[in-house]
């Protein structure tokens, strides 16, 4: 049975994006001398980090889907901020707390924990104050998510001024056009990164799905995949990522719009239980996967000293194990914690139009 406010096609896309990011980091990790020192499947996984671009576009779509009825309704600002806080921070705090504790006890190779007050502030509140690398490295993307959530809150507080300020932010992001490596990001290159334009593309994708003609908009899905393949081919032949990044965002926006339209028209396979679960668990997978990859790789490499196995099998087992661990973390930690907090928060809220609350996890 379809859950209220749920579009399974987008959750499935989220699951695929999460797996792409895991594969991307796994190929890099196993190539390091302290692991296998061998490149595996890198010809296929080298652009798996585009999963992050997809996540940002999808976030833009989902936030408008879930909160479009809240725009220009300042009385709903507290509800919006509360829901965004519950979705973003508690689970992250649990994982980063466990991670920092383990590193402090001597576990983890090459991992670091905050050493100064500004680094702790960055880690706890997901703000970019300097070039500090977060203990959970993928958390750099949550800085962008939080910035988008806060910018969107301006639309809820006052639509006119929200549009003006949000537009100015988008123009600034377009003008900066800097793509530093995540360990070299500064507050300037984070908060005015062109990657933030992905959120706008996602918002426009929602409008296309909501207001477009169904029999036309559904073709946006194959059009998006075709554009994605074209850009991938161009980059494979030497085109710079900076020149095609916005094109990737548009490709994902088209695919999301088309997939949502196909599902609305009952032309999408929603009963893909495993992929739906991975999509639901994508946040936990994303936050835990680097630590789990390292742990499972070391265990399997050690086992292979006594029971030899091909490097490709190690790669496959580490990948599957990491996805399973992320799903278990979702079922054991993330889902119960968020459900409890949402129940507690909702009990303190006045009854409002339920259409403003999608079941998406963003």
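Summary of computed values
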{"read-out": "The range 223-242: number of residues that are closer than 22 Å to residue 56 by Cβ and more than 22 Å from the chain's Cα centre (by Cα)", "value": "7"}
{"read-out": "Looking only at the range 35-64, and only at residues there that are within 15 Å of residue 290 (Cα to Cα) and outside any helix (DSSP H, G or I), the one that is nearest to the chain's Cα centre (by Cα)", "value": "49"}
{"read-out": "Count - residues of the range 169-190 that are in contact (Cβ under 8 Å) with a residue 24 or more places away in the chain, assigned to a helix (DSSP H, G or I) and surrounded by fewer than 19 Cβ atoms within 10 Å (Cβ to Cβ)", "value": "5"}
{"read-out": "Per-region count, the range 311-362, residues modelled with pLDDT of 75 or more and surrounded by 13 or more Cβ atoms within 10 Å (Cβ to Cβ)", "value": "27"}
{"read-out": "In the range 141-156, the residues that are surrounded by fewer than 16 Cβ atoms within 10 Å (Cβ to Cβ) and farther than 22 Å from residue 286 by Cβ", "value": "none"}
{"read-out": "Some residue of the range 297-307 being surrounded by 15 or more Cβ atoms within 10 Å (Cβ to Cβ), more than 23 Å from the chain's Cα centre (by Cα), part of a helix (DSSP H, G or I) and free of Cβ contacts under 8 Å to residues at least 24 places away in the same chain", "value": "yes"}
{"read-out": "Single match in 97, 106 (criterion: loosely packed, with under 14 Cβ neighbours inside 10 Å, on the phi > 0 side of the Ramachandran plot and out of contact with any strand residue (DSSP E or B) (no Cβ under 7 Å at 6 or more places or on another chain))", "value": "106"}
{"read-out": "Residues within the range 211-238 that are surrounded by 14 or more Cβ atoms within 10 Å (Cβ to Cβ), part of a helix (DSSP H, G or I) and in contact with a helix residue (DSSP H, G or I) (Cβ under 8 Å, 6 or more places away or on another chain), tallied", "value": "11"}
{"read-out": "Of the criteria (1) in contact with a helix residue (DSSP H, G or I) (Cβ under 6 Å, 6 or more places away or on another chain); (2) surrounded by 17 or more Cβ atoms within 10 Å (Cβ to Cβ); (3) touching a residue at least 60 places away in the same chain (Cβ under 8 Å), which one residue 114 fails", "value": "(3)"}
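The values are calculated or read from the model by the stated rules, or taken from the named source; none is laboratory data. None of these values were measured; they are calculated from a predicted model. Every residue, glycine among them, receives a Cβ derived from its backbone with ideal geometry; neighbour counts consider all protein chains shown.
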